[in-house]
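Participant: Let me begin by handing over the structure; questions about it come next.
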Amino acid sequence: MESNVADHTEAVIRSIYETISAPETWSKAVRLIGDWLEADLGMMTSPSLPGSQAVGLFAYGFDLTSILAHYPKHAGKAEFTLRAIATGQTPGAFLLDDLMPVAERAQNEFWQEMVAPSISRQAYSAWCEHPRKDRAAL
């Protein structure tokens with residue numbers, strides 16, 4: 001098992017370095033990173049810079065058409081990035097519950113317009129009915 005993790009880690013790193021000379025391989029790299037993290041969905045975005053909106057470059061596991069109407073309103077605002085920075089624990093990895101408690105999501109415009117519609121029905125159902133009370137494994 002340990003060897004498999006090390007092999008996968010090495011493959012992810014090699015894939016990222018490969019993108020330097022072959023940028024067209026980023027979609028493969030993003031998927032490899034997702035597999036390494038055991039993620040159901042993934043997206044690589046452009047940086048959000050002053051005067052420009054972040055743009056989704058590569059994605060897998062969800063359909064972006066459901067959020068297109070609301071994207072201009074939320075683009076570039078980096079909701080989760082700002083929340084992560086506010087924790088004082090960045091850089092780091094965060095679970096959604098760390099950044100937006102479940103109780104807040106029903107009333108949060110960003111969550112309702114951008115996150116909830118983009119999560120596949122199956123993944124969302126699994127998340128909502130997660131057997132662990134803290135849902136931390138997701």
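The values are calculated or read from the model by the stated rules, or taken from the named source; none is laboratory data. The model shown is predicted, which means the values in this text are computed figures rather than measured ones. Every residue, glycine among them, receives a Cβ derived from its backbone with ideal geometry; neighbour counts consider all protein chains shown.
Participant: Considering each residue of region 83-128, count those that are modelled with pLDDT under 80 and in a helix (DSSP H, G or I), and give that number.
Facilitator: The number of residues fulfilling the criteria is 11.
Participant: Among residues belonging to region 57-79 that are among the hydrophobic types (A, V, I, L, M, F, W, C) and surrounded by 15 or more Cβ atoms within 10 Å (Cβ to Cβ), point out the one that is nearest to D35 (Cα to Cα).
Facilitator: Taking the candidates together, the pick is A59.
Participant: Select the helices (runs of 4 or more DSSP H) contained entirely in region 1-82, then report the ones holding at least 1 residues which are at pLDDT 80 or above, among the hydroxyl-bearing types (S, T, Y) and more than 15 Å from the chain's Cα centre (by Cα).
Facilitator: 2-21, 71-74
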